Amino acid sequence: MKQQKSKLQDVSQGDIHNYDSILKYFNDEPAIQNKKSVYHSITFVTTGIIEFDGGQTTMLHLGTLLSQKGYEVYYLSYVPQSQEEMERNAEANYENYQGTCLSYEHLDTHQSDIWFATLWESAYVIKNKPGYKMYFVQDYEPYFYPYGDRYQLAKKSYNLGLHMISLGPWCAKMIEENCPNHGKIDQITFPVDLANYPFKKRNFDKYESKKTFDLAVYTKWDSPRRAPINLQMVLKNTERLLEEKDGIRLRIHYFGSTKDKKFINGENLGKLSKAEMNDLYRKCDFGIAPSMTNFSLVPFEMMSTGLPFIDFKEGTGKYFIPNEFSFSVAMDEKALVDLFMTVKEHVNYLKENNDKTQQFLQTIQWTHTLNDFVKIIENI
């Protein structure tokens, strides 16, 4: 029988040539640490700088604070990207950032007292460079991949002897539980950016008589960590049940994905600037931003503006937000319907929750994160 050419193709995940430019760095040699009594320069080695990237925004925010503390801070790309594009995207992610962007051409010549890996690939890139090698862990990255070779390579990166700093407790927990030969690991406070997302008091008494709720819903179409498929299904069913049960309408405003993505309900606002997010949070009644692995910056930004935040128990929110400061429910439509009906009937609970939340956020500001970070560096 003649073989017919199929239009369906396997998912392409096995192309080693994706790593041609850094292939020479991949080996199992553990890091040899070169310590100093004082450290002046810090280099974050990154996959270029991508606009609208939360992890890189965190890196730039932290780098700016370290620069203000007197450290020489660099952002060095290990993938081809021009310095001009790096600088342009860095400015878009974190306005008035401080530190120097360096393109891929500097990868083999740049010198630094401290090197920071920012993704599992960069752990291999920096581990044999002269200096002290660290690893800014913002997620448990084996979960980025199906169970296979890149899963194993990512997992092995925690065993290369780099000094790891976990953003919040969850990454450290996952590494300690799953990687018995892991290197030294510390953790720092997962922060909130209160300055860029100012609080505005809202009238919760209106919630009691509301027949329409506006939801600010953050997800990423191409990131399973933000549960885009399950989220749309659950919210679609929640819409139907609320309408049937009490004539309540949901207006859903998705953001975080490109504008060309077709959501099954609501509207897709695309990727938003800080000003646009602030406007959205002020006009909405609740915020939703799933975090199936390490937490996102977005929930804290929503809460900072006074927007009540709905968290899902299936995610990692419980490691970052005490129960009394968010509305944590199972990720199913019946649980969400019950929540909306409950807050309509008990608006005082909504007010008390919001007051406590603002007090809690004061304890996790960026100053706490910077102090944690500097203390670790000073005690190497």
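Looking across the range 127-143 at every residue that is within 25 Å of PHE295 (Cβ to Cβ) and touching a residue at least 60 places away in the same chain (Cβ under 8 Å), the one that is surrounded by the fewest Cβ atoms within 10 Å (Cβ to Cβ) is identified as TYR143. With respect to MET331, determine if the residue is part of a loop (DSSP other than H, G, I, E, B), closer than 27 Å to LYS210 by Cα and modelled with pLDDT of 95 or more. Yes. The single residue among ILE229, ILE175 that is hydrophobic (A, V, I, L, M, F, W, C) and closer than 15 Å to GLY266 by Cβ turns out to be ILE229.
This table checks each residue for (1) exposed (fewer than 13 other Cβ atoms within 10 Å of the Cβ); (2) more than 29 Å from SER67 (Cα to Cα); (3) in contact with a His (Cβ under 6 Å, 6 or more places away or on another chain).
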site: ASN323; (1), (2), (3): yes, yes, no
site: VAL329; (1), (2), (3): no, yes, no
site: ALA335; (1), (2), (3): no, yes, no
site: LEU350; (1), (2), (3): no, yes, no
site: ASN353; (1), (2), (3): no, yes, no
site: GLN359; (1), (2), (3): yes, no, no
site: THR363; (1), (2), (3): yes, no, no
site: ASP372; (1), (2), (3): no, no, no
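Filtered by the rule that a residue be crowded, with 18+ Cβ neighbours inside 10 Å and either free of Cβ contacts under 8 Å to residues at least 12 places away in the same chain or more than 17 Å from LEU66 (Cα to Cα) (or both), the range 104-118 gives TYR104, LEU107. Can you tell me which residue in the range 264-290 is surrounded by the most Cβ atoms within 10 Å (Cβ to Cβ), limited to those that are more than 14 Å from PHE327 (Cα to Cα) and among the small types (Gly, Ala, Ser)? If we take residues in the range 264-290 being more than 14 Å from PHE327 (Cα to Cα) and among the small types (Gly, Ala, Ser), then GLY266 is surrounded by the most Cβ atoms within 10 Å (Cβ to Cβ). One residue alone among GLY48, GLY63 is in the same structural domain as LYS129 (by the TED database) and in contact with a Gly (Cβ under 8 Å, 6 or more places away or on another chain), and that residue is GLY63. A Cβ distance below 9 Å, combined with a sequence gap of six or more or placement on separate chains, defines the contacts here; from the range 25-41, residues that are on the phi > 0 side of the Ramachandran plot and assigned to a loop (DSSP other than H, G, I, E, B) reach no residue that is modelled with pLDDT of 95 or more and surrounded by 14 or more Cβ atoms within 10 Å (Cβ to Cβ).
Looking at this structure, is THR342 on the phi < 0 side of the Ramachandran plot, in a helix (DSSP H, G or I) and without any contact (Cβ under 8 Å) to a residue 24 or more places away in the chain? In short, yes. Among the residues of the range 183-219, those that are of a type in the set (Val, Ile, Thr), over 27 Å from ASN230 (Cα atoms) and open to solvent by 10 Å² or more (accessible area, probe 1.4 Å) comprise ILE185, THR189. Scanning the range 299-321 for residues that are open to solvent by 10 Å² or more (accessible area, probe 1.4 Å) and of a type outside the set (D, E, K, R) turns up TYR319, PHE320. Among the residues of the range 220-235, the one identified as open to solvent by 90 Å² or more (accessible area, probe 1.4 Å) and either of a type in the set (D, E, K, R) or in the same structural domain as PHE373 (by the TED database) (or both) is ASP222. From the residues in the range 9-25 that are modelled with pLDDT of 90 or more and of a type in the set (A, V, I, L, M), which one is surrounded by the most Cβ atoms within 10 Å (Cβ to Cβ)? The extreme case among them is ILE22.
Scan GLU87, GLU51, GLU121 and give me the residue that is open to solvent by 10 Å² or more (accessible area, probe 1.4 Å), more than 16 Å from HIS163 (Cα to Cα), at pLDDT 95 or above and among the acidic types (Asp, Glu). Exactly one of GLU87, GLU51, GLU121 is open to solvent by 10 Å² or more (accessible area, probe 1.4 Å), more than 16 Å from HIS163 (Cα to Cα), at pLDDT 95 or above and among the acidic types (Asp, Glu), namely GLU87.
One residue alone among THR118, THR100 is among the β-branched types (Val, Ile, Thr) and within 19 Å of the chain's Cα centre (by Cα), and that residue is THR118.
Where strands (runs of 3 or more DSSP E) fall wholly inside the range 158-241, the ranges with 2 or more residues that are in contact (Cβ under 8 Å) with a residue 60 or more places away in the chain and more than 26 Å from THR258 (Cα to Cα) are 163-167, 185-188.
The values are calculated or read from the model by the stated rules, or taken from the named source; none is laboratory data. Quick caveat: nothing in here was measured; it's all calculated off a predicted structure. As a convention, Cβ positions derive from the backbone with ideal geometry for all residues, glycine included, and neighbour counts pool all protein chains shown. Heavy atoms of the whole protein, side chains included, go into the accessibility calculation; ligands, DNA and RNA do not. Shrake-Rupley method; radii C 1.70, N 1.55, O 1.52, S 1.80 Å.
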